[in-house]
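Quick notes on the structure that follows.
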Amino acid sequence: MLFSLMSEPFTQEQLKALVGRAALAYVVPGQVLGVGTGSTVNHFIDALADIKDQIPGAVSSSVASTQRLQALGIRVFEANQVGTLSVYIDGADEIDGQGHMIKGGGAALTREKIVAAQSGRFVCIADASKKVQVLGNFPLPVEVIPMATQRLIRQFAALGGVAGVRLKDGQPLVTDNGQHILDVRGLRIADPLGFENEVSAWPGVITVGVFAHQKALVCLLGTEQGVQTLMFP
Ligand code: 5RP
């Protein structure tokens with residue numbers, strides 16, 4: 001087998017590149033594709049350039065992905081210009097055994113959830129370190145309206161979480177939507193669907209980074225043995 005011949009273990013970046021290329025098998029020729037955000041997706045976008053003539057273009061979940069797609073000559077459509085997308089390909093910060101995910105490490109969670117909701121099938125691409133039993137070890141990203149920040153920090157504290165505003169260059173990071181991100185540590189999210197329902201209803205929350213309603217149906221997991229395909233019915 002190809003992989004067992006290699007003496008050195010794969011780096012995380014190599015595993016990301018492996019699943020990024022493997023995801024090409026899920027691109028439907030002739031159809032617009034949903035594209036996520038992050039370093040794993042960047043590998044996918046680079047691989048997509050090789051078959052760009054087979055698709056009309058993509059709907060992107062961030063300014064960063066839009067710029068990368070366009071730089072490689074891949075047309076980017078607005079979400080409102082197209083109907084339902086057959087496939088959405090994106091990474092994750094954590095994925096559990098049912099395909100529920102934590103996302104938003106790249107601060108793009110709101111647009112990611114929007115494009116995922118517009119898509120029939122979420123294909124997650126991730127290296128093996130992202131697979132968990134229970135979500136919550138990765139600090140949960142939540143996009144919020146800035147005036148609600150302190151109250152939301154208190155609401156998360158009541159759930160046992162410690163929330164902090166994500167900073168960039170010493171200032172609150174501003175998302176593509178002009179809002180802020182809270183990162184919440186110390187949560188154990190045993191009921192992702194119930195958690196997503198509850199937190200999504202808190203005033204001031206734009207998007208919680210638990211993807212249970214928009215869970216993955218397939219995950220291509222990069223492991224030392226190669227790409228493992230997980231299916232979540
Ligand atoms: C961005 C995301 C990413 O998919 C997630 O953070 C994983 O990123 P990476 O592929 O760089 O590990 O949700 O908002």
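Below is a table of values for the structure above.
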{"read-out": "Region 112-128, residues that are assigned to a helix (DSSP H, G or I) and in contact (Cβ under 8 Å) with a residue 60 or more places away in the chain", "value": "Glu112, Lys113, Val115, Ala116, Ala117, Ala128"}
{"read-out": "Qualifying residue in region 189-196 (condition: within 14 Å of the ligand (Cβ to nearest atom) and either hydrophobic (A, V, I, L, M, F, W, C) or touching a residue at least 12 places away in the same chain (Cβ under 8 Å) (or both))", "value": "no"}
{"read-out": "Positions within region 54-70 being away from the ligand (no atom under 12 Å from the Cβ) and assigned to a loop (DSSP other than H, G, I, E, B), in sequence order", "value": "Ile55, Pro56, Gly57"}
{"read-out": "Count of residues meeting criterion [under 17 Å from Arg188 (Cα atoms), of a type in the set (D, E, K, R) and more than 14 Å from the ligand (Cβ to nearest atom)] in region 77-123", "value": "1"}
{"read-out": "In region 41-50, residue nearest to the ligand (Cβ to nearest atom) [restricted to those that are closer than 16 Å to Val19 by Cβ and among the hydrophobic types (A, V, I, L, M, F, W, C)]", "value": "Val41"}
{"read-out": "Residues that are touching a residue at least 40 places away in the same chain (Cβ under 8 Å) and in contact with a strand residue (DSSP E or B) (Cβ under 9 Å, 6 or more places away or on another chain), drawn from region 144-178", "value": "Val144, Ile145, Ala148, Thr149, Leu152, Gln155, Arg166, Leu173, Thr175, Asn177"}
{"read-out": "Options Ala190, Ala157: the member that is at pLDDT 95 or above and surrounded by fewer than 13 Cβ atoms within 10 Å (Cβ to Cβ)", "value": "Ala190"}
{"read-out": "Test: residue in region 129-146 that is within 29 Å of Val28 (Cα to Cα), buried (at least 22 other Cβ atoms within 10 Å of the Cβ) and within 16 Å of the ligand (Cβ to nearest atom)", "value": "yes"}
{"read-out": "Filter result (β-branched (Val, Ile, Thr), in contact with a strand residue (DSSP E or B) (Cβ under 6 Å, 6 or more places away or on another chain) and within 9 Å of the ligand (Cβ to nearest atom)) within region 14-40", "value": "Thr40"}
{"read-out": "Selection within region 30-62 - farther than 12 Å from Val87 by Cβ and β-branched (Val, Ile, Thr)", "value": "Thr37, Thr40, Val41, Ile45, Ile51"}
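The values are calculated or read from the model by the stated rules, or taken from the named source; none is laboratory data. Quantities reported herein were computed from a predicted structural model and do not represent experimental measurements. Quick reminder, even Gly has a Cβ in these numbers, built from the backbone with ideal geometry, and neighbours come from all protein chains shown.
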